[in-house]
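Worksheet: the structure to be examined is printed underneath.
Each value in this text was obtained by applying a stated rule to the coordinates, not by laboratory testing. None of the values given here were measured: they were computed from a predicted structure. Positions of Cβ are backbone-derived with ideal geometry, glycine not excepted, and every protein chain shown enters the neighbour counts.
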Amino acid sequence: MQMMATTVFQQALGTLESHSCLSSSGFRHECGSASVKLISKDFKVDIALMRRGNYCSKKRSFSLIQASTSQTTVFDPVSSPLHKTANDSKKKPSEAALILIRHGESMWNEKNLFTGCVDVPLTKKGVEEAIEAGKRISNIPIDLIYTSALIRAQMTAMLAMTQHRRKKVPIIQHEENEQARAWSQIFSEETNKQCIPVITAWQLNERMYGELQGLNKQETADKYGKAKVQEWRRSYDIPPPNGESLEMCAERAVAYFQEHIEPQLQSGKNVMIAAHGNSLRSIIMYLDKLTSQEVISLELSTGIPMLYIFKEGSFIRRGSPVAPTEAGVYAYTKRLAQYRQRLDEMLQ
Ligand SMILES: O=C(O)[C@@H](CO)OP(=O)(O)O
């Protein structure tokens, strides 16, 4: 179907009250969602907003962002506007998608051991979670992927990308030294266009859990008391013995995000970050402007993608995209809906 230039969506202010209460298991669904009908001349889009999916934070209300015929500046022919005009490339990108995903279940998650920076792989369940996550983001544009230096995050990113409908190939970048850079070059521009660079950064590693690494969480609580262990696990500025506090983790993870990832989003590139429970908690604290008190109650489940839209310097949380097979639609913006429609056309 010829993609009609969609008209400006009517702005709908969907005020969503989502009440989330947090459980020690780390997450609880909350269906504080509302359906908001966005009508344009070309197609009606029901956007079930803010399906609270599997991550919680404090009670928040959201208003729907204005969706307009903004020029999409993306680095992917599928989503580039059909009729680019001369001055399009000079236009600042309208928005960019940011996907955050905590790695799937790891073998030490399964054993309930403190993991931190110990480099353990995913379990079979973690592999399945990563693949399911890939299905949920399979229609969202991704131009760059960032992971930590740990295999559980890298496995999650690569497994998720096996499900992406654009079928670009994620390539881990080796820039650790000149030889690594030289020996991993791609000598075909066309092939290069079909690749997505994957940048690994130790700054996105899980918080270093110090002398708790390898200890069983329940045994540690029995030994030191539940309150003390909860303080080590979830407080902002109290580190575990010879380990990192969340604040210390944020000093590297958020700094890396601001220095290396945010500029990419500002240039219109769509980014996925596959990382860890605490390094992502520190980043979400920054994105959502949570206080050190509020972040205590923020928990992330394994393998559940979280979608943000970066627009005019702000991060708008859009919830967790539902799987492509599920009825209904996503916390999509117009641009993301267009991208999906072009994928459908391309894959017909
Ligand atoms: O052990 C760890 O590294 C982390 C994440 O698995 O555990 P917690 O959720 O207790 O911070």
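Summary of values
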| read-out | value |
| --- | --- |
| Cα centroid of the range 211-290 to Cα centroid of the range 94-169, whole Å | 17 Å |
| Footprinting exposure proxy for 195, 117, 249 (fewest neighbouring C-beta atoms within 10 Å first) | 195, 117, 249 |
| Amide H partners (placed H, <5 Å) of residue 171, local residues excluded | 196, 198 |
| Residue-wise HN-Hα coupling along the range 111-127, computed from phi with Karplus coefficients 6.51, -1.76, 1.60 (Hz; x: Gly, Pro) | 8, 6, 9, 5, 9, x, 9, 6, 8, 9, x, 7, 7, 4, 5, x, 5 |
| In Hz, Karplus ³J(HN,Hα) per residue of the range 226-240 (6.51, -1.76, 1.60; θ = phi - 60°; x = Gly, Pro) | 4, 5, 5, 5, 4, 5, 4, 6, 10, 6, 8, 10, 10, x, x |
| Fewest-first sequence of 208, 306 by Cβ atoms within 10 Å of each Cβ | 208, 306 |
| Exposure proxy order (Cβ contacts within 10 Å, fewest to most) of 174, 276, 164 | 174, 164, 276 |
| Per-residue ³J(HN,Hα) for the range 278-285, Karplus 6.51 cos²θ - 1.76 cosθ + 1.60, θ = phi - 60°, Hz, x for Gly and Pro | 8, 5, 6, 4, 5, 6, 5, 4 |
